[in-house]
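What follows is a set of notes on a single structure, which appears directly below.
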Amino acid sequence: MSVFCLLWIPLFFLFWSALVPYDIEASGALAVILGSVVAILQFFFGNLIAGGAFGKERWIGVFVDMVALPALLPPLVYALFLLLRIAKDPTGFGSFSLLWLAPSGILRTVQWGVENDPAKLLLIPVLWTSIVACVSSFINLSLRKKTLATAVWLMAGIVIAPLATTAYWAFFSQIRLARWAVLAGTLALLVCAVVISWLFPAKKSGGREIVQKDGVCNT
């Protein structure tokens, strides 16, 4: 379980980079540095919200400290980098976010490995990548200006963070039927994000489009 938590995000980064090529420039280095700083601060200072044992307080704590906010913060920072012209590739949201989350996966492996909590070690890395993949594919699809598809995927982007949070919360609260149903929905959105990124390659900056031939991305 610890090995899965340690390797899942780096391996998913390699997989995602094959779908949406990303030039690891200054923004990539900043992703690793900032992700490491945030992970170290949270490791030593603990959670922002002291969630209750169960109920909505626990759900809010999971949303802020464990599942949704950690995965949503990197895309927000990358959007700021684009505005400041620190980053230049508008399709780099996914890869940047995964680089950011890799240090968190390492430190969380140490912390959760001591706790020996399978739900954290197995679920949360997958939920992180689900959020990142859905948000990134929505942005990349928006760049193609496909109005109907973008509207549909926007709805998926809106629900993925609370859905992923609910998946872990349901496992923690031992709500047996709901946890498998919500997890299945979250994984279905992850699969859709991967398929959409493969079928509709993103447009790079300057109008260059990634063309896929026989499953290989070329520019």
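The values are calculated or read from the model by the stated rules, or taken from the named source; none is laboratory data. Computed from a predicted structure; not experimentally measured. Every residue, glycine as well, gets a Cβ built from its backbone with ideal geometry; the counts of neighbours run over all protein chains shown.
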Exercise for the section: For residues that are surrounded by 14 or more Cβ atoms within 10 Å (Cβ to Cβ) and outside any helix (DSSP H, G or I), tally how many sit in the stretch 24-47. Expected result: 1
Practice task
Kindly check whether there is at least one residue in the stretch 76-85 that is not in a helix (DSSP H, G or I) and not hydrophobic (A, V, I, L, M, F, W, C).
Solution key: yes
Completion exercise
The number of residues in the stretch 86-103 that are surrounded by 24 or more Cβ atoms within 10 Å (Cβ to Cβ) and either part of a helix (DSSP H, G or I) or charged (D, E, K, R) (or both) is 9
Practice task
Keeping to the stretch 48-81, report how many residues are under 17 Å from L98 (Cβ atoms) and either over 17 Å from the mean Cα position of the chain (by Cα) or surrounded by fewer than 16 Cβ atoms within 10 Å (Cβ to Cβ) (or both).
Solution key: 3
Problem - Any hit, the stretch 171-181, residues being free of Cβ contacts under 8 Å to residues at least 40 places away in the same chain, more than 25 Å from L19 (Cβ to Cβ) and buried (at least 21 other Cβ atoms within 10 Å of the Cβ) - result: no
Exercise for the section: Determine whether F63 is among the aromatic types (F, W, Y), in a helix (DSSP H, G or I) and more than 20 Å from A164 (Cβ to Cβ). Expected result: no
Practice task
Please verify whether the stretch 136-143 includes one or more residues that are outside any helix (DSSP H, G or I) and at pLDDT below 80.
Solution key: no
Exercise for the section: Please specify each residue of the stretch 1-14 satisfying the condition of being over 15 Å from L101 (Cα atoms) and either under 13 Å from the mean Cα position of the chain (by Cα) or in contact (Cβ under 8 Å) with a residue 60 or more places away in the chain (or both). Expected result: M1, S2
